[in-house]
1. For the chain, would you read off the P(r) tail past 19 Å as a percentage of all alpha carbon pairs?
2. How tilted is helix 2-27 with respect to the longest principal axis of the chain? Cα atoms for both, answer in degrees (0 to 90, nearest 10).
3. Which entries of 6/36; 36/92; 36/83; 10/73; 36/101 show an alpha-carbon separation above 21 angstrom in the structure shown?
4. Please list, or write none, the lysines whose alpha carbon is within less than 23 Å of the alpha carbon of residue 8, excluding same-chain residues fewer than 8 places away.
5. Compute the angle between helix 32-48 and the longest alpha-carbon principal axis of the chain, please, reported from 0 to 90 degrees and rounded to the nearest 10.
6. Of all DSSP beta bridges in the chain, what percent run antiparallel (nearest 5)?
7. Give the calculated FRET efficiency between residue 33 and residue 54 to the nearest 0.05, with a Förster radius of 22 Å applied to their Cβ-Cβ distance.
8. Give the aspartates and glutamates reachable from residue 102 as a straight Cα distance under 18 Å; neighbours fewer than 8 places away on the same chain don't count.
Amino acid sequence: MVKDQKNKIKENALERVYDLFKEAKSVFNDDKELSKKYVKLARKIAMRVNLRLSREIKVQFCRNCNAYQMPGKNCRIRTKNKKVVYYCLECKHFRRYLIKKK
């Protein structure tokens with residue numbers, strides 16, 4: 001019964017995180033600070049329930065300044081030495097991800 005409750009909580013948290021990222025994307029052009037708040041709240045929810053975020057979500061925000069990343073607007077994406085480099089133009093922070101072979 002306890003595992004059922006934990007799984008239910010994690011499912012609800014994951015759903016809330018996805019909703020917050022959708023909202024962050026929709027308000028990005030109008031209000032960058034509000035989208036930053038949505039990202040911060042989503043991360044806080046995920047950390048509270050020990051939820052592992054998918055790579056799809058991880059690349060959508062800057063870990064340093066919590067900014068929602070929109071390629072071409074506040075994020076630069078490059079490939080270098082079999083890695084994808086995401087560069088935040090707001091705080092100058094970068095992250096590298098290996099390119100997976102299929």
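Just so you know, all these numbers are worked out from the coordinates, no wet-lab data involved. All values derive from a computational prediction rather than experimental measurement. All Cβ positions, glycine included, derive from the backbone under ideal geometry; neighbour counts span all protein chains shown.
1. On the way: 2449 of 5151 pairs.
Pairs farther apart than 19 Å: 48 percent.
2. Long axis of 2-27 versus the principal axis of the chain: about 40 degrees.
3. 6/36; 36/83; 10/73; 36/101
4. Straight-line reach from residue 8, under 23 Å: 22, 40, 44, 58.
5. It works out to around 50 degrees.
6. Working: 12 of 13 bridges.
Rounded to the nearest five, the antiparallel share is 90 percent.
7. The pair residue 33/residue 54 has a calculated efficiency of 0.30.
8. 56
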